[in-house]
Structures are given as structure tokens and as C-alpha cells.
Amino acid sequence: MKPVLTNLSKITECLAFMNLPISTYNSEDFSFIKLHKIGIKLPFQSPTFRPDFYNLFIVIDGCGTYAVGNKEFEFSSNQIIITRPESFSSSYWTKIKKVYAISFRKSFLLQYFPAGIDTVLELGGENGYSCDLTEKSWKYFEQTCQEIYNLAISTMSYKDELIANLILNLLFLMQLHHNGDSTLKLESEKQATIVSAFRQNMENNFSRLIRGEDTSLMRTKEHSRLLNVNENYFSKVISNCTGKTINEWINEKLIDEIKYLLKHSDKSMKEIAALFAFNDLNYFCSYFKTQTLNAPNALRKEFNNADKNQNYV
């Protein structure tokens, strides 16, 4: 069964839509949930959200899958997963024995640590990544999760600053455990700011398109104007720092979004094309095939057939 598609993005509205408890320490900026303590009936399929926050799952004992854009993660025990905001996402759980879910906005960390966190929050330019933990590591992660929870339910002054510090600590440690090499090569704070701002503006543009608040897809000229930087300099910074051109970033994001909707929604081709400002359905299909070497209807059919066969196993 495909997840229910929503455009919900705030932490509390996503929790409310799933009828999950909203505690006094869950806000639009930060949330901590012990998934194993809230009585989720398994198997559990979440709706599709487009969160404006990062999700950090510490899976001590659990099993399932997590789709973020066109990337799919397997939930397994002794694993930690982090995903970026501004992408369609949904989760499917078959086992939740001990799982912690921490959600936070970038602004929650920035108010206490305004400098030096862009690199770790870029996640190497990926929608997210995961890593398996050693016994020593997952015990530390679990202990830190308990510290975050204790702070969250306390009335201690400056508790948010302490929580932000602990979250950053987990992110830095996770980055050290991550096997993949980051493609980002940020040589200066100015370049880091440009890359981070471009990524954020690109994702904002896609989110506004999907909500019907924008009617055009921003390309290099529009992004350089928004950042108030020279177009050629802007192009060189993005290309040199990330190993990909601006158009490659935008095209990969666009295909990622389209693929998710083809696989995980019942929206028609015409509806999907309109979401991303394609006025001509033939051009939409031609563009998709040029980028992926596959027709959109063929990809949807292939995924649906594979999903049916998996359900029969």
C-alpha cells in the first residue's frame, strides 16, 4: 500500500496527522520521541511528509525502511540514520523494540552555534546517510539520547543550548563513522556559505513549486541573483566545491522528486509534470527519459510490479 501523500512540513503537524502524542517539549524546532514507548501498532506505514526539519533515528533494536526522495534506507539494529529536510519522505516499520527519533530544524542549532555547522549539516550533499555502530558506539549514542530526553523534560535553564550541543556531538561522531567520502571541498567560510545557501534556496524553490507558490524552476541566473553574487563566480564555486555543476544539482534534485512521486504516489503524469512547472507533458516525458534513460510510466510500472512481487513473498 502506498503511503498517504501530504504536504505537511512542521514537526508538530506531522505528529498530529499520525495521531502520535505531542509532549510539551515537542515544538516546531525540536522533538524527541521514544518510538518504542508510544504504542505504535505494527506494521506501521507513515504518510508521506515533506519536512522542514532533519530527522535523526537511533535504532538500537528495530526493523523497517525509510524512503527519502529516491533514496531508501533499511532500518536495522545498532544503526543511526540522518536525513535532510525538504524532500518527500515516509517510513515503514515492522519492528520497534528500542528506537529514538530526534527531529530538529537547522535554526535550532544555529541560534546556539551560528558558525561552523554548515559542513556537517550538508551531509556530503546527500539526502541523508546511515552507518552501523560498534557496541561501544551505540552504547554511547543510547546514553546521549537519554541525556537529551532528560534535558527535554526538565525545567533547567539553558536546556535547549545543552540539547543542541549534544545533537551536534552525535552528528560529528556520525560523520566520523560514515563510510562514504564527502564530495564537498569547502575551502573557505565564504564558499561554505554560498554552497549551503544555494542548497537551501534550491530546496525552498522545490517546496514552493509543490505547494503551488512558485511557477518556475530556478536555474543558475535566478540563484546567483538571489545570492547577489556574480553568475560566473557562483558557478565556479559550486562546481569546484561540490564536483557538480549547478544544473547537475538542480536536475538531480528534480529527478529525485519525480521518481519519489512516481513510485510512492498515485498522482498522474500530468499532475506530477504540473507540480514542477512542466506545461507540456511530452516535454516532461522527454526530459525524464533524457536524464534517466527510462520513461516515467515504465519506471512506475517496474516499481509497482516489483512491489507486488515482494508482497507475495
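The values are calculated or read from the model by the stated rules, or taken from the named source; none is laboratory data. Small disclaimer: the values here were computed from a predicted structure and weren't measured. Here the Cβ positions follow ideal geometry from the backbone for every residue, glycine too, while neighbour counts run over all protein chains shown. The area values use the complete protein model at the heavy-atom level, side chains included, leaving out ligands, DNA and RNA. Shrake-Rupley method; radii C 1.70, N 1.55, O 1.52, S 1.80 Å.
Taking the average, over residues, of other Cβ atoms within 10 Å as the packing measure, peptides 119-127, 239-247, 62-70, 290-298 rank 62-70, 119-127, 239-247, 290-298 from highest down.
Per residue, the chain exposes 49 Å² of solvent-accessible protein surface, assessed with a 1.4 angstrom probe and all protein chains in place.
The label-point distance for Phe303 and Ser286, in a model that sets each label 7 Å from Cα toward Cβ, rounds to 2.4 nm. Each peptide among 130-139, 77-86 gets the average number of other Cβ atoms lying within 10 Å of its residues, and from highest to lowest they stand as 77-86, 130-139. Rolling a 1.4 Å probe over the protein heavy atoms of the chain, with every protein chain left in place, gives an accessible area that is 49 percent carbon and sulfur. In the elastic network of the chain, a GNM with C-alpha springs shorter than 10 Å, the most mobile of Ser23, Ser31, Ser46 is Ser23.
FRET efficiency for the Tyr158 to Ala16 pair, using the beta carbon distance and R₀ = 41 Å, is estimated at 0.90. Both radii come from the Cα set of segment 1-146: Rg as radius of gyration, Rh as Kirkwood radius; their ratio Rg/Rh reads 0.93. Using alpha carbons only, the radius of gyration of the chain set against its Kirkwood radius gives Rg/Rh = 0.96.
How far is it, in nm, from the label point at Glu248 to the one at Thr24 when both lie 7 Å from their Cα along the line to the Cβ? The modelled label-to-label distance comes out at 5.2 nm. Positive-end ranking of Ile96, Tyr129, Gln111 along the dipole of segment 79-149, with charges on Cβ about the Cα centre, is headed by Ile96.
Spread over its residues, the convex hull of the C-alpha atoms of segment 189-313 is 129 Å³ per residue. Each Lys and Arg contributes +1 and each Asp and Glu -1, all at the Cβ; summed about the Cα centre of the chain, the dipole is approximately 600 debye.
Length gained on full extension, Phe276 to Lys221: 18.0 nm, using 0.36 nm per residue less the C-alpha separation.
For segment 90-183, the dipole from Cβ point charges (+1 on Lys and Arg, -1 on Asp and Glu) about the Cα centre works out to 400 debye, to the nearest 20. Stokes-Einstein, applied to the Kirkwood radius of segment 95-180 over Cα pairs at a viscosity of 1.306 mPa s and 10 °C, places its translational diffusion at 112 µm² s⁻¹. On a 19 Å Cα-Cα criterion, which of the cross-link pairs Lys98/Lys136; Lys236/Lys289; Lys2/Lys106; Lys259/Lys289; Lys98/Lys139; Lys221/Lys253 come out too long? With Cα atoms farther than 19 Å apart: Lys236/Lys289; Lys2/Lys106.
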